[in-house]
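Taking it in order: structure first as structure tokens, then the write-up.
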Amino acid sequence: MITIDQLKDAVDRTEALKRYLNIDAKLIQVEEEQLRTQVPGFWDDPKKAEAQMKKVKSLQGWIDGYKEVSSLTQEVQLAFDFYKEELVTEEEVDAAFAKAIAAVEALELKNMLREEADQMDCVLKINSGAGGTESQDWAQMLMRMYMRWGEDNKYKVTVADLQEGDEAGIKSVTIEIEGPYAYGYLKGENGVHRLVRVSPYNAQGKRMTSFASVFVTPLVDDSIEVYVNPALLTWDTFRSGGAGGQNVNKVESGVRLRYQFKDPYTGEEEEILIENTETRDQPKNKERAMQHLRSILYDKELKHRMAEQEKIEAGKKKIEWGSQIRSYVFDDRRVKDHRTGYQTSDVTGVMDGKIDGFIKSYLMSWSETGEE
């Protein structure tokens, strides 16, 4: 059964969260913000009104989250006292403690996500590396991993564009993951993911190494102002492939957006290419492609700010968006994050979407260097 020290730790962490989250101030603030939603003509400006409602919801979310943690911690204290009177079993006390600690850790993790972009939905893109079928199969495995993670966490997961592999797997995929703090949780997945395994596609049964890159950008909504120069924008349309139906290969519903971007800070130029085949409705696909473009431009500005912060603040971790971040070694039953040192032998669990340990260790590593 849990010890008195474990109980004290849960209570202390709960009280610390109340201070960190400034719950007393948030209770006053949420009342003030709710009053603003009740003024006449509040919905005359829908965009402004939605932003205000989002603000209220966010504040209330922190308050409700803390109330749940506090309630669960109190239940552990009661269970601990009831055990002394033989009213509950050891198992019931331990179960109440496990539930409370899980809630404490979840709120502690969320508390690390304070940047504006952290609370946004995200766009996650996976590109297979060199290596043909083996790398394309690896890219598909990563796609499944992130989709399972999203579904397990009750996020809305949508495939916006998918390029099939030549024989198996995928060449690339763009996935939209919508839900609270999706970008904040997944931003640490940016980088190159390395697979080592005995390849089913190699007749000699040799150990093969494959790579795939993951790019995560915040999915901006209408409340975020991002300038897109229409003069630098061109469109192509094409016929989408798909699984049957009369519409396949007959209507040019797929869209391809090209944007000639010039970095305002370095002067470097690049072409941003976005394809969207999400629906059979071309205008909707265009709208989503534009949203992805705005997300990419917003992300570029965000990364510039982070790089500038790195120059100013010493002793912080270097941002390496394109570097190899994680190795998945199937034969040795090991998945290791090279940035934090966190690893697990539960390879099957990781590939089924259980990546919260990696997410938490990454966010904690930033917190420990004072990034927050």
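Is the shape of the chain rounded, prolate or oblate, going by the alpha carbon gyration tensor and its root eigenvalues a ≥ b ≥ c, with a/c under 1.5 for rounded and a/b larger than b/c for prolate? It is oblate, given that a/c is not under 1.5 and a/b is not larger than b/c. Taking all Cα-Cα distances within the range 155-235, those exceeding 16 Å account for 71%. Loop-resident trypsin sites (Lys or Arg not before Pro) (DSSP state other than H, G, I, E or B) in the range 40-136 with no more than 13 further Cβ atoms inside 10 Å of their Cβ: Arg114.
Which percent of the accessible area of the chain is formed by carbon and sulfur heavy atoms (probe 1.4 angstrom)?
49
Using 22 Å as the Cα-Cα cut-off, could you pick out the over-long pairs in Lys18/Lys48; Lys67/Lys110; Lys18/Lys99; Lys26/Lys57? Check vs 22 Å cut-off fails for Lys18/Lys48.
Sparsely packed loop sites in the range 172-218 (the trypsin sites (Lys or Arg not before Pro) outside DSSP H, G, I, E and B with at most 10 other Cβ atoms within 10 Å) comprise Lys206.
In this structure, the residue pairs whose Cα-Cα separation is over 32 Å, taken from Lys154/Lys286; Lys154/Lys284; Lys55/Lys336, are Lys55/Lys336. A 1.4 Å probe run over the protein chains yields, for the chain, 54 Å² of accessible area per residue, whole-number rounding.
The values are calculated or read from the model by the stated rules, or taken from the named source; none is laboratory data. Quantities reported herein were computed from a predicted structural model and do not represent experimental measurements. Virtual Cβ from ideal backbone geometry, glycine too; neighbours counted across all protein chains shown. Protein only, heavy atoms only, side chains kept; ligands, DNA and RNA dropped before computing areas. Shrake-Rupley method; radii C 1.70, N 1.55, O 1.52, S 1.80 Å.
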